[in-house]
1. What is the antiparallel percent of DSSP beta bridges lying wholly in the chain, to the nearest 5?
2. Looking only at region 55-96, which residues have a backbone nitrogen under 13 Å from a spot 7 Å from the Cα of residue 217 in the C-beta direction?
3. Please report the net charge: other residues with Cβ closer than 14 Å to the Cβ of residue 38, K and R +1, D and E -1.
4. I need the phi-derived Karplus couplings for region 198-207: 6.51 cos²θ - 1.76 cosθ + 1.60, θ = phi - 60°, integer Hz, Gly and Pro marked x.
5. Using a Gaussian network for the chain with springs between C-alpha atoms less than 10 Å apart, which of these wobbles most: 211, 25, 88?
6. Check cross-link reach from residue 155 to the lysines: straight Cα distance under 16 Å, and skip same-chain residues fewer than eight apart.
7. What size of dipole, in debye to the nearest 20, comes out for region 1-112 about its Cα centre when the only charges are +1 on Lys and Arg C-beta atoms and -1 on Asp and Glu C-beta atoms?
8. For residue 224, which lysines qualify as cross-link partners when the Cα separation must be under 20 Å and same-chain residues fewer than eight apart are set aside?
Amino acid sequence: MTLLELVDVTASYGHVQVLDGVSLTVPDGGAVGILGANGAGKTTTLRAISGTVRTGGKITFEGRDIRGFRPDQVAALGIAHVPEGRGTLPQMSVMENLRVGAYRRKDRKGIATDIDYCLELFPQLKDRIGSRGAALSGGEQQMLAVARGFMAKPKLLLLDEASLGLAPSTAKAVYEAIRRLRAESGIAMLIVEQNATLAFSLVDTATVLETGRNALTGTSAELKGMDEIRRAYLGG
Ligand SMILES: Nc1ncnc2c1ncn2[C@@H]1O[C@H](COP(=O)(O)OP(=O)(O)O)[C@@H](O)[C@H]1O
Ligand SMILES: [Mg+2]
């Protein structure tokens, strides 16, 4: 079953149109990647879904037209957005950040269980549970951002450049945890990533954006085999 579908989506900041017809499909429980150079429109595509940019075209979630929904309405449907730059709350502790992620939920036992799960998934956060967001390393902040997204118990997680600015070993550890989260939770994921090696380690299919349009779409295996992908994204 299709969970999320974008057909010919356009998006504009003021009078400047930056998405020029983006299409993609995320199946239930699927993981889909969005690759592309800086400025290609990856972040804007996630914003189009979460309702923070003006859009045209068709955006459906569980068969329902959600284009034009406000961000809180989109979140209420079960879409959690882990934005570029992480968006952890710097003045709040790790525990408070996790609780903020769960603010729509009423199942106290479930929330407690899920906090324990996050701390098992990211043991580094356990040691920093009382530390403020601002005191965490970049890697720890990214782990917290992913964990906070999970705490919303979403059906779909939008993840924007989780590896950005992290040491390679840290980025790899973050992706390993996300892979485990995917396997254990079944949450569908739409993942923006410039590091194609990391993206292909997680996603089933991906689309490459160029100046606000789909340039290539395929399975991870198909894309990995393409010369232009190898040259542009896989270092040879
Ligand atoms: N808030 C904004 N106002 C105006 N233009 C923007 C804004 N955010 C992004 N853009 C422009 O939109 C285009 C796509 O940006 P973005 O979606 O952030 O790309 P990516 O995430 O692929 O690097 C770029 O040309 C960028 O300069
Ligand atoms: Mg971006």
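1. The antiparallel fraction comes to roughly 60 percent.
2. 58-60
3. Numbers: positive: 42; negative: 84, 160, 161, 193, 210.
Counting the neighbours of residue 38, the net charge comes to -4.
4. Whole-Hz 3J(HN,Hα) from phi for region 198-207: 5, 4, 5, 6, 10, 8, 8, 9, 8, 10.
5. Result for the chain, Cα springs under 10 Å: 211 fluctuates most.
6. Straight-line reach from residue 155, under 16 Å: no lysines qualify.
7. Charge dipole of region 1-112: 480 debye, to the nearest 20.
8. 42, 172
The values are calculated or read from the model by the stated rules, or taken from the named source; none is laboratory data. What you are looking at is a predicted structure, and each value in this text was computed from that prediction instead of being measured. Here Cβ is always computed from backbone atoms with ideal geometry, including for glycine, and neighbour counts include all displayed protein chains. The area values use the complete protein model at the heavy-atom level, side chains included, leaving out ligands, DNA and RNA. Shrake-Rupley method; radii C 1.70, N 1.55, O 1.52, S 1.80 Å.
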